[in-house]
1. Given F29, F10, which one is at pLDDT 55 or above and over 19 Å from A87 (Cα atoms)?
2. Quick one: is N107 without any contact (Cβ under 8 Å) to a residue 12 or more places away in the chain and open to solvent by 30 Å² or more (accessible area, probe 1.4 Å)?
3. Has the range 50-72 got any residue that is at pLDDT 95 or above and among the aromatic types (F, W, Y)?
4. Which one of G145, G117 is free of Cβ contacts under 8 Å to residues at least 60 places away in the same chain, surrounded by fewer than 18 Cβ atoms within 10 Å (Cβ to Cβ) and not polar (S, T, N, Q)?
Amino acid sequence: MRTIKIVVSFLATLISATSIANENSMSNFSYDYFEARVGISPVTYGAGFSTSIHPNAHIRFEADTKFETDWDMTGAIGFHAPVNNWADVYGELGLRSTKAYNRSHDNSKLGVEVNIGIRQWLGPQLEMGGEIGHLSMNDDEDIFGSLFVRFHATELFAIGSQLRFNEAYDEQLILTTRFKF
């Protein structure tokens, strides 16, 4: 029942964002990228992929692992819309699979993730943002979040760092490299 409420809330947000998007059909950021990342404490390795499926919608896939028979994988569909000339709001509804000792006690779990975030340009090459989300896996309900900063060295390449809170590997600093396509 709780999952149904989460999905309905997400769809209501998506519909309201679509009405905003109809006024401004372009976003301020690219949602077409491939990302490689390394987590610190614990050390993890990961990759992400996102592509636009509509001027204001995208799909995202990502996976992280410590290479110790563990994983944290997400596949999501989301919306994105401009808030003003320098910021975008986005939200996603995703399916998440996790097998990390601190979350699932060596058993894999499958759940639903809903998140909403904002991305903001601080200058011509500097972006920052954050997101908050809700994760429902079996009988567990968790709130998670992240803050990030990204330096766009060129139009097609960016490096950044992300601080994740209450995620599969608990609190973690992640260094990222993003390639736009």
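1. F10
2. Yes.
3. yes
4. None of the others qualify; the one that does is G145.
The values are calculated or read from the model by the stated rules, or taken from the named source; none is laboratory data. As the structure is a computational prediction, the values presented were derived from the model and not from experiment. Neighbour counts run over all protein chains shown; Cβ positions are idealised from the backbone, glycine included. When the accessible area is computed, the model is the full protein with side chains, heavy atoms only, and any ligands, DNA or RNA have been set aside. Shrake-Rupley method; radii C 1.70, N 1.55, O 1.52, S 1.80 Å.
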